[in-house]
């Protein structure tokens with residue numbers, strides 16, 4: 001068999017890899033290793049097939065479970081949406097979402113100067129508002145509003161990503177909500193406010209704005225129900241009417257009227273952008289708070305409108321070049337303290353707690369308000385050190401008690417809303433003395449009667465001996481009543497007070513309108529008791545009008561919005577006579593002397609007669625000047641809220657200067673008129689001295705006089 005070749009047969013010992021690779025056969029000494037490799041390969045193939053099978057099984061289980069779970073969730077969402085759908089009312093019932101009404105205040109000429117509560121300008125629709133406004137809202141809040149079915153998964157995912165990137169919770173900050181979802185929030189998922197529940201309106205609003213995951217989940221079926229129940233434009237109409245836009249404006253019609261004095265149907269692109277810019281943070285971006293900030297935000301909205309094709313490049317440039325301007329009433333922001341006073345003193349069910357929209361015509365005069373505000377600011381800027389926390393208040397009124405202007409305090413970061421003109425009870429100091437002299441003049445004393453200015457000690461039960469001193473520490477001997485008031489001498493005022501009777505003086509002061517508790521002791525003559533600036537100013541108005549009490553008032557007429565018949569009306573505040581007119585005219589003459597040559601010379605008005613009185617309390621914690629011309633009476637108080645003593649300030653100093661600056665501006669353009677004042681005819685009898693106070697005969701005479709009055 002030599003010469004014959006053996007047939008070529010593949011060697012099976014080395015597996016397919018060796019054969020396929022054309023490798024040389026393994027050495028004959030390793031058959032066991034080849035068999036082991038084949039076993040490992042087989043085991044590996046089995047393991048891979050097992051893992052693959054298991055994964056396939058898991059995926060099948062997940063798919064089977066997932067689509068069934070998704071179906072259940074979808075059914076729950078649709079059932080919830082159907083349940084919400086059944087409870088949705090007609091569109092008209094959803095447009096005014098306020099729980100309470102508003103108060104609109106008109107000045108003496110009938111122009112709006114302030115609002116309180118939440119105003120609602122009336123129903124508007126997506127079809128009747130300015131197209132610029134409609135486009136601005138959609139561009140800002142939900143550019144795909146007309147293309148989605150109520151929710152936007154893409155928007156929610158984007159918002160979650162932004163919130164997490166900025167270190168917030170996934171649903172804190174950007175919400176990714178569509179306009180439909182925002183309407184769901186505004187409607188509080190169909191739960192109306194119930195005052196009987198004990199929950200405050202603020203808490204209800206906060207609950208409606210909750211941004212938790214569970215709340216987001218609940219919004220989904222409600223949004224679907226809204227989309228099924230109303231058209232897109234109807235949903236937008238609800239949004240346009242219910243959105244809060246700062247400064248008490250609920251809805252875009254109220255906001256357009258509040259900020260621009262026009263209807264939402266008439267706003268241009270710049271105004272529409274400013275209004276739409278309020279949606280993200282109404283109070284922060286309100287133009288009445290910061291017009292510059294509101295304009296910056298509006299420019300962002302203009303950019304969005306241009307980017308989305310709602311404005312051409314030329315229109316956007318024009319909107320930026322001519323930004324929105326506030327109306328005159330909104331720009332003034334005048335009369336805040338006056339408006340607060342109206343809300344405090346009006347009937348609660350028609351002011352603070354009103355469920356109706358109320359219109360109140362008032363005595364407020366914007367020109368006089370500006371005069372008071374600018375005068376106060378100018379004096380403080382020129383005469384008070386920068387950073388001082390000293391406060392001041394001003395009231396201007398007519399002789400019948402009609403309040404024309406009110407400054408409740410300086411505008412400072414820590415000033416708050418406290419109205420120092422009406423709420424601050426402060427010791428009156430020597431500003432109270434005119435009521436001592438009023439009582440004496442009404443009893444028949446003359447301004448030229450003599451009284452002793454000398455050391456005096458009175459034993460006050462429970463307190464011991466009390467010895468009043470003059471501000472200068474000096475005594476002048478015998479002086480007239482007019483001189484004693486002109487120089488604000490203390491011991492003559494106390495002597496007169498004790499002579500005519502404490503009860504009589506207290507009665508005169510109370511009848512003139514000082515309703516605070518008045519002290520029983522002799523220190524009342526020097527203003528130891530407290531009163532508000534409004535009370536004191538009104539009491540001096542009683543001197544100006546000839547001796548009749550006045551009740552300070554600001555409300556002229558109150559009516560419901562849209563009604564022609566007033567519910568309340570008032571023509572004046574003059575009440576009963578307190579002292580005889582001749583006594584009032586003599587007292588006015590005495591007070592004129594205070595300004596002409598006494599402690600109030602720094603209040604002197606150029607070319608115009610005026611009368612007034614200074615007041616400084618112990619340790620100079622309060623400084624006053626109150627006075628009048630033939631046209632107006634004004635009061636000024638100055639001090640610290642925490643009763644810190646003033647440094648180098650008396651009533652005849654800065655308060656007198658503020659009063660002068662106020663009155664100079666108040667009387668611009670008014671003709672000069674003489675004061676309603678009469679000088680005394682001739683000297684009368686000598687007023688009681690210290691020794692006379694112990695005379696029983698004199699006390700009998702005083703008792704007789706008191707009984708006649």
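The values are calculated or read from the model by the stated rules, or taken from the named source; none is laboratory data. Just so you know, these numbers come straight off a predicted model, no measurement behind them. Don't worry about glycine lacking a Cβ; one is built from the backbone with ideal geometry, like all the others, and counts go over all protein chains shown.
Worth a mention:
- For residue 463, the criteria (1) farther than 26 Å from residue 542 by Cβ; (2) in contact (Cβ under 8 Å) with a residue 24 or more places away in the chain; (3) surrounded by 14 or more Cβ atoms within 10 Å (Cβ to Cβ); (4) over 23 Å from the mean Cα position of the chain (by Cα) hold in every case but one, which is (3).
- Helices (runs of 4 or more DSSP H) lying entirely in segment 230-325 (those with 1 or more residues that are at pLDDT 95 or above, farther than 30 Å from residue 189 by Cβ and in contact with a helix residue (DSSP H, G or I) (Cβ under 6 Å, 6 or more places away or on another chain)): 269-277, 291-307, 313-321
- Residue count for segment 471-489, restricted to those that are closer than 22 Å to residue 627 by Cα and at pLDDT below 95: 1
- Of the residues examined, residue 376 is one that is within 25 Å of the chain's Cα centre (by Cα), surrounded by 16 or more Cβ atoms within 10 Å (Cβ to Cβ) and assigned to a helix (DSSP H, G or I).
- Cβ-Cβ distances below 6 Å connect the following pairs, each with a first residue in segment 140-162 that is at pLDDT below 90, a second residue that is surrounded by 18 or more Cβ atoms within 10 Å (Cβ to Cβ) and assigned to a helix (DSSP H, G or I), and a separation of six or more residues or different chains: 149/227; 150/180; 150/223; 150/224; 150/227; 151/223.
- Qualifying residue in segment 676-699 (condition: assigned by TED's automatic domain parsing to the domain that holds residue 434, modelled with pLDDT of 90 or more and not in a loop (DSSP other than H, G, I, E, B)): no
- Within segment 420-446, considering residues that are over 37 Å from the mean Cα position of the chain (by Cα) and not in a helix (DSSP H, G or I), the one surrounded by the most Cβ atoms within 10 Å (Cβ to Cβ): 445
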